[in-house]
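The block underneath contains the structure these notes are about, expressed in structure tokens.
The values are calculated or read from the model by the stated rules, or taken from the named source; none is laboratory data. Quick caveat, the model's predicted, so the values are computed rather than measured. As a convention, Cβ positions derive from the backbone with ideal geometry for all residues, glycine included, and neighbour counts pool all protein chains shown.
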Amino acid sequence: MSFASIAYPADKAGRYDLLLRQVRALTDGVSHPIANMANAAALLWQGLPEINWCGFYLMDGGALMLGPFCGLPACIRIPLGRGVCGTAAQKDEIQRVHDVHAFPGHIACDGASNAEIVIPMHFEGRVIGVLDIDSPTIGRFDETDQEKLSVLVRHLETCCNFSHTVYAL
């Protein structure tokens, strides 16, 4: 399989629609969570403008542990309730943060990050991880980002077989 640089649509909804088609094509017949999350992170990294980190954290032993990602090295372990990711996982709620510097307890893995969106992932009715995307642009994420990224996460929840992971979910 070969991949070349793709010209993504300029409009946000069109860009996400193409990214979702790509994720669906890459995950077709593949149920391995790490492989699918790695490709999803790479596609989002390639296709989304104004982001400086994109990846997944997975539950392991009651905390979030770093999973597949693109960007600078990141925090390895995030306790539930700490930072944007830990808050999203603990509350099982999407966190769309306009300015991370105003978020109580924000964990600054990359000082260039100014906005963040975190979408919880589920398996058998419980949070098993999160999709985390950071941006250097304050206010980068809006309702369209939230809606389309939620669709992407729901797709990963259904196509991945999380029952065979080595993580202590």
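Would you say Leu26 is within 15 Å of the chain's Cα centre (by Cα) and either surrounded by 17 or more Cβ atoms within 10 Å (Cβ to Cβ) or within 23 Å of Lys148 (Cα to Cα) (or both)? Steps first, answer last, please.
Values: within 15 Å of the chain's Cα centre (by Cα): no; either surrounded by 17 or more Cβ atoms within 10 Å (Cβ to Cβ) or within 23 Å of Lys148 (Cα to Cα) (or both): yes.
No; evaluated as a whole, the condition is false for this residue.
If Glu124 satisfies all but one of (1) surrounded by 16 or more Cβ atoms within 10 Å (Cβ to Cβ); (2) over 17 Å from the mean Cα position of the chain (by Cα); (3) of a type in the set (Asp, Glu), what's the number of the condition it fails?
So the condition that Glu124 fails would be (1).
For the condition under 15 Å from Cys160 (Cα atoms), modelled with pLDDT of 95 or more and not small (Gly, Ala, Ser), what is the one hit in Asn39, Asn52?
Details: Asn52 fails: under 15 Å from Cys160 (Cα atoms).
Answer to the selection: Asn39.
Can you spot a residue in the range 141-162 that is in a helix (DSSP H, G or I), at pLDDT below 95 and over 22 Å from Leu44 (Cα atoms)?
Restricting attention to the range 141-162, the residues satisfying the condition of being in a helix (DSSP H, G or I) are 143-159, 162.
Then drop every residue that is not at pLDDT below 95, which leaves 162.
With over 22 Å from Leu44 (Cα atoms) added as a condition, the list becomes none.
No, the range 141-162 has no match at all.
Consider the range 37-62. How many of its residues are more than 13 Å from the chain's Cα centre (by Cα) and part of a loop (DSSP other than H, G, I, E, B)? Lay out the reasoning, then the answer.
The first filter runs over the range 37-62 and keeps only residues more than 13 Å from the chain's Cα centre (by Cα), leaving 46-47, 49-50, 59-62.
Now restrict to residues that are part of a loop (DSSP other than H, G, I, E, B): 49-50, 61-62.
Looking only at that region, the number is 4.
From Glu157, Glu143, which residue is free of Cβ contacts under 8 Å to residues at least 24 places away in the same chain, surrounded by fewer than 19 Cβ atoms within 10 Å (Cβ to Cβ), within 23 Å of Ala13 (Cβ to Cβ) and within 16 Å of the chain's Cα centre (by Cα)? Please lay out each step first, then the result.
Values: Glu157 fails: free of Cβ contacts under 8 Å to residues at least 24 places away in the same chain.
Of Glu157, Glu143, the one residue that is free of Cβ contacts under 8 Å to residues at least 24 places away in the same chain, surrounded by fewer than 19 Cβ atoms within 10 Å (Cβ to Cβ), within 23 Å of Ala13 (Cβ to Cβ) and within 16 Å of the chain's Cα centre (by Cα) is Glu143.
Looking at the range 67-139, what strands (runs of 3 or more DSSP E) fall wholly within it and have at least 2 residues that are of a type in the set (A, V, I, L, M, F, W, C)? First the steps, then the outcome.
Details: elements: 77-79, 95-97, 115-123, 126-135.
Passing ranges, in order: 115-123, 126-135.
Looking at (1) surrounded by fewer than 17 Cβ atoms within 10 Å (Cβ to Cβ); (2) within 12 Å of the chain's Cα centre (by Cα); (3) among the polar types (S, T, N, Q), which is the one condition that is false for Ser31?
(2)
Please find, among Ile133, Ile78, Ile107, Ile138, the residue that is of a type in the set (Val, Ile, Thr) and closer than 18 Å to Ala38 by Cα. Even if it seems obvious, please write down each step before you answer.
Working: Ile78 fails: closer than 18 Å to Ala38 by Cα; Ile107 fails: closer than 18 Å to Ala38 by Cα; Ile138 fails: closer than 18 Å to Ala38 by Cα.
On inspection, the qualifying residue turns out to be Ile133.
Starting from residues that are touching a residue at least 60 places away in the same chain (Cβ under 8 Å) and small (Gly, Ala, Ser), keep the ones in the range 83-140 and report whichever is nearest to Gly67 (Cα to Cα).
Gly129
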